[in-house]
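To keep things clear, I will list the structure first and then write my remarks on it.
The values are calculated or read from the model by the stated rules, or taken from the named source; none is laboratory data. In this text, all values refer to a predicted model and were calculated from it rather than measured experimentally. All Cβ positions, glycine included, derive from the backbone under ideal geometry; neighbour counts span all protein chains shown.
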Amino acid sequence: MTASLQTQRPRTRRIVAVYVSLAIALAVFVVLNACIGSTMLAPADVVGALAGGGQKTVAAQVIWDIRLPRLIAAILLGGALALAGFLLQTFFNNPIAGPYILGISSGAKFVVAFVMIFVVGSQAQMSSWMLVLSAFIGSTIAMVFVLLVSRRINSMAMLIVAGVMIGYIASAATDFLITFASDQNIVNLRNWSLGSFSGTNWADIAGMTPVVLAASVATFLLSKPIGAFQLGENYAQSMGVNIRAFRVALVVLSSLLAAVVTAFAGPISFVGIAVPHLVKRFLGTSKPLIVIPAAFLGGGIFCLFCDLIARCAFAPTEISISTVTAIFGAPVVIAILLKRKRGR
Amino acid sequence: MDERGLACDDLSVGYDGAVLIEQIELEVKPGRIVTLIGPNGAGKSTILKTLAGSLPSVAGWVYLSGKPLDELTSHERALEMSVMLTERLTTELLTCADIVEAGRYPHTGRLGVLDDDDRAAVDEAMRLVAVKDLSDRDFMHVSDGQRQRVLLARAICQEPAVLLLDEPTSYLDIKYQIDLLRILRTLADEKRVAIVMSLHELQLARIVSDEIVCIKGPRVFASGTPEEMFVPQVIDELYDLPAGCYDPATGTVTLSAEKSR
């Protein structure tokens, strides 16, 4: 027993180190995102504003009404994206599968835009639940298309190409819809359809939190069968995984996670691929029980970091979050591809 | 009466309802090793997949420790039977110990965390197949032969009553082939595991098996003890060899069959 404990130790130490680093990084970026912006605030101001509660100072308003909901959204939705990517990579046994690249985010975007423009109309705001529901319908439709394609072709590359095409079709259809939207909707829709955390309010946070947390906990509880599935479907089945139920769970959870992100922040690229990959490298393992919580944290940190850049790089003009995530995420994808090529 | 083990009754196997082999009768009792031999594509793997429950049977019944296989939940099945497949496994950042530990799946709780008993079983299985020193090595960075032994350790630490192996000796050199078969013999003799496997190497099948089943579609061509099966009449016809090719004295085939006659 002592021998096996000793061999476990360096690995345990590494995992603890990664988790501690992630926690520190999260704290640092929370502070940075709260302080930096068109109104610069010292950390003391932030603490004061938070402690002050109801006081209506400018600092308090900026923190409570704008920055705090926005950074909470970045953490929750970033985490959701990373998990959605991790689930899809498991499902398709493909390291570059993710909700954006497979067109699932774009499918969600299309249905949300459709419901916004034609069903709700310009006068009423969509409720959070309606947003999430329409996004979920859209992401599931796109997912079904991807599944149909994946049944017919057995190549990783072709699956990705098919997903990208589905994404293009959905995006084109969305652009088409936006052209017909009434004037006051256009500005909002355009921003949202490119992906952005701007304008997040507390009602949005109340809407997204239960969905993200429930789906993330469910994902964590699937750690065991996901681990078995990493040895391939046949081994998983022989170890007692109910493959059909497991597949359904993966599809529903990844669609739901991708949907909630798209509903509140629009489609966000590359987080779902880059973050799980980096987290696995840092941890030195792909064991789901260890990777899943770290991927959630990593997704949150990555989105906080990218949102900070999106807000500040060309202030007062904001760039879309996807522009920033692509700049940092796409090189990771290229690195994965190069590494796989070399491995063969 | 010992109910454990594997049996099948009038079993037909195949894909999408098309029968490849029919009327398979098999009984594998604890402590016995039954080996399927036959030409490539004859259906050995298909039979093993059906016995494992990963391929539905076309007709007939498989009984695992006395109960019909399709009435067991996948968890109940996994507690009784483990498998070692021929398919190549591609993993990412998993150590050999991680792979073996996966075998404890049916024994662990909701999150799959191993307790001391599980660790002891993993340890014992890894020692049995001599892969303990590979524990922390990445599964993708060890040799084919080592990988094969790690997969066997995984199947063993699942602690099954029935063990199915599809071509377990492929990728192994002769030393490890012998080692592997010795381990299987030990499992059968000491742990009373019922073992069904397919083998290409006839001389190995002959020394390790208690029973040989010759597969040549659409039926089981012949079955019996190794002494009964490894005779020229059976082997030559099973593999469509010219008469006299198989030499029972050496357990191998000769190239110059006609001349030696």
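On the stretch given as segment A:232-260, residues that are among the hydrophobic types (A, V, I, L, M, F, W, C), outside any loop (DSSP other than H, G, I, E, B) and either touching a His at 6+ places or on another chain (Cβ under 9 Å) or within 13 Å of chain B (Cβ to nearest Cβ) (or both) total 4.
Yes/no matrix, rows are residues, columns are (1) surrounded by fewer than 24 Cβ atoms within 10 Å (Cβ to Cβ); (2) over 18 Å from A:Leu77 (Cβ atoms):
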position	(1), (2)
A:Val251	yes, yes
A:Phe270	no, no
A:Ile273	no, no
A:Phe282	yes, yes
A:Pro293	yes, no
A:Phe296	no, no
A:Phe302	no, no
A:Cys312	yes, yes
A:Pro316	yes, yes
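For segment B:81-94, the count of residues that are at the interface with chain A (Cβ under 10 Å from one of its Cβ atoms), in contact (Cβ under 8 Å) with a residue 24 or more places away in the chain and assigned to a helix (DSSP H, G or I) is zero.
Would you be able to say whether some residue in segment B:84-99 is over 20 Å from B:Phe139 (Cβ atoms), of a type outside the set (A, V, I, L, M) and in contact with a strand residue (DSSP E or B) (Cβ under 7 Å, 6 or more places away or on another chain)? Scanning segment B:84-99, I find no residue that is over 20 Å from B:Phe139 (Cβ atoms), of a type outside the set (A, V, I, L, M) and in contact with a strand residue (DSSP E or B) (Cβ under 7 Å, 6 or more places away or on another chain), so the answer is no.
Can you find a residue in segment A:78-92 that is touching a His at 6+ places or on another chain (Cβ under 9 Å) and in a helix (DSSP H, G or I)?
Yes, some residue in segment A:78-92 is touching a His at 6+ places or on another chain (Cβ under 9 Å) and in a helix (DSSP H, G or I).
In the set (1) assigned to a loop (DSSP other than H, G, I, E, B); (2) of a type in the set (A, V, I, L, M, F, W, C); (3) closer than 24 Å to B:Asp166 by Cα, the condition left unmet by B:Leu255 is number (3).
For segment A:40-54, which residues satisfy the criterion of being assigned to a loop (DSSP other than H, G, I, E, B) and either touching a Cys at 6+ places or on another chain (Cβ under 9 Å) or modelled with pLDDT under 80 (or both)? Once the filter is applied, which keeps residues that are assigned to a loop (DSSP other than H, G, I, E, B) and either touching a Cys at 6+ places or on another chain (Cβ under 9 Å) or modelled with pLDDT under 80 (or both), segment A:40-54 yields A:Leu41, A:Ala42, A:Gly53, A:Gly54. Looking at segment A:200-218, is at least one residue of a type in the set (Ser, Thr, Tyr), within 30 Å of B:Thr90 (Cβ to Cβ) and within 14 Å of chain B (Cβ to nearest Cβ)? No. Tell me yes or no: at least one residue of segment A:121-130 is surrounded by 19 or more Cβ atoms within 10 Å (Cβ to Cβ) and either within 30 Å of A:Gln230 (Cα to Cα) or in contact (Cβ under 8 Å) with a residue 12 or more places away in the chain (or both). Yes, segment A:121-130 contains at least one residue that is surrounded by 19 or more Cβ atoms within 10 Å (Cβ to Cβ) and either within 30 Å of A:Gln230 (Cα to Cα) or in contact (Cβ under 8 Å) with a residue 12 or more places away in the chain (or both).
Count, please, the residues in segment A:277-309 that happen to be more than 15 Å from A:Val217 (Cα to Cα) and either within 11 Å of chain B (Cβ to nearest Cβ) or among the hydrophobic types (A, V, I, L, M, F, W, C) (or both). Residues meeting the conditions: 19.
Counting only strands (runs of 3 or more DSSP E) that sit completely within segment B:1-64, those holding 2 or more residues that are buried (at least 21 other Cβ atoms within 10 Å of the Cβ) and not β-branched (Val, Ile, Thr) correspond to B:6-15.
Do you know which residues across segment B:207-225 are outside any strand (DSSP E or B) and either small (Gly, Ala, Ser) or surrounded by fewer than 20 Cβ atoms within 10 Å (Cβ to Cβ) (or both)? Hits for segment B:207-225 are B:Ile207, B:Ser209, B:Asp210, B:Gly217, B:Pro218, B:Thr225. Do the conditions hold for B:Ala120, that is, is it within 8 Å of chain A (Cβ to nearest Cβ), free of Cβ contacts under 8 Å to residues at least 24 places away in the same chain and assigned to a helix (DSSP H, G or I)? Considered against the rule, which asks whether it is within 8 Å of chain A (Cβ to nearest Cβ), free of Cβ contacts under 8 Å to residues at least 24 places away in the same chain and assigned to a helix (DSSP H, G or I), B:Ala120 comes out as yes.
For A:Leu148, indicate whether it is more than 15 Å from A:Leu253 (Cα to Cα) and surrounded by fewer than 19 Cβ atoms within 10 Å (Cβ to Cβ).
On the way: more than 15 Å from A:Leu253 (Cα to Cα): yes; surrounded by fewer than 19 Cβ atoms within 10 Å (Cβ to Cβ): yes.
So A:Leu148 fits the description; yes.
Just checking, which of B:Ala78, B:Ala102, B:Ala97 is among the small types (Gly, Ala, Ser), crowded, with 19+ Cβ neighbours inside 10 Å, part of a helix (DSSP H, G or I) and in contact with a Pro (Cβ under 9 Å, 6 or more places away or on another chain)? One residue alone meets the criteria, B:Ala78. Residues in segment B:123-167 that are over 28 Å from B:Leu6 (Cα atoms), more than 11 Å from chain A (Cβ to nearest Cβ) and acidic (Asp, Glu): B:Asp144 alone.
For the residues A:Ile153, A:Ile160, A:Ile166, the requirement of being touching a Gly at 6+ places or on another chain (Cβ under 8 Å) and within 22 Å of A:Asn93 (Cα to Cα) singles out A:Ile166. Within segment A:2-39, the set of residues being of a type in the set (Lys, Arg) and at pLDDT below 90 comprises A:Arg9, A:Arg11.
Looking across segment B:180-206, the residues that are surrounded by fewer than 22 Cβ atoms within 10 Å (Cβ to Cβ) and within 18 Å of B:Asp247 (Cα to Cα) come down to B:His200, B:Glu201, B:Leu202, B:Gln203, B:Leu204, B:Arg206.
Quick grid of which residues meet (1) surrounded by fewer than 19 Cβ atoms within 10 Å (Cβ to Cβ); (2) of a type in the set (D, E, K, R):
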residue: A:Pro43; (1), (2): yes, no
residue: A:Thr57; (1), (2): yes, no
residue: A:Val62; (1), (2): no, no
residue: A:Asp65; (1), (2): yes, yes
residue: A:Gly78; (1), (2): no, no
residue: A:Ala82; (1), (2): no, no
residue: A:Gln89; (1), (2): no, no
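Being of a type outside the set (A, V, I, L, M) and either in a helix (DSSP H, G or I) or without any contact (Cβ under 8 Å) to a residue 12 or more places away in the chain (or both) is the filter here; which residues of segment A:200-220 pass it? Listed by number, the residues that qualify are A:Trp202, A:Asp204, A:Gly207, A:Thr209, A:Pro210, A:Ser216, A:Thr219, A:Phe220. Inspection of segment A:229-243 finds no residue satisfying the criterion of being closer than 30 Å to A:Arg70 by Cα and either of a type outside the set (Gly, Ala, Ser) or surrounded by fewer than 21 Cβ atoms within 10 Å (Cβ to Cβ) (or both).
Identify all residues within segment A:221-231 that are at the interface with chain B (Cβ under 7 Å from one of its Cβ atoms) and touching a residue at least 40 places away in the same chain (Cβ under 8 Å); write none if there are none. Once the filter is applied, which keeps residues that are at the interface with chain B (Cβ under 7 Å from one of its Cβ atoms) and touching a residue at least 40 places away in the same chain (Cβ under 8 Å), segment A:221-231 yields A:Ser223, A:Lys224, A:Gly227, A:Gln230.
Under the condition of being part of a loop (DSSP other than H, G, I, E, B) and either in contact with a Ser or Thr (Cβ under 7 Å, 6 or more places away or on another chain) or surrounded by 18 or more Cβ atoms within 10 Å (Cβ to Cβ) (or both), the residues counted in segment B:143-163 number 4.
Would you mind stating whether A:Phe264 is at positive phi, more than 14 Å from chain B (Cβ to nearest Cβ), aromatic (Phe, Trp, Tyr) and in contact with a helix residue (DSSP H, G or I) (Cβ under 6 Å, 6 or more places away or on another chain)? Criteria not met by A:Phe264.
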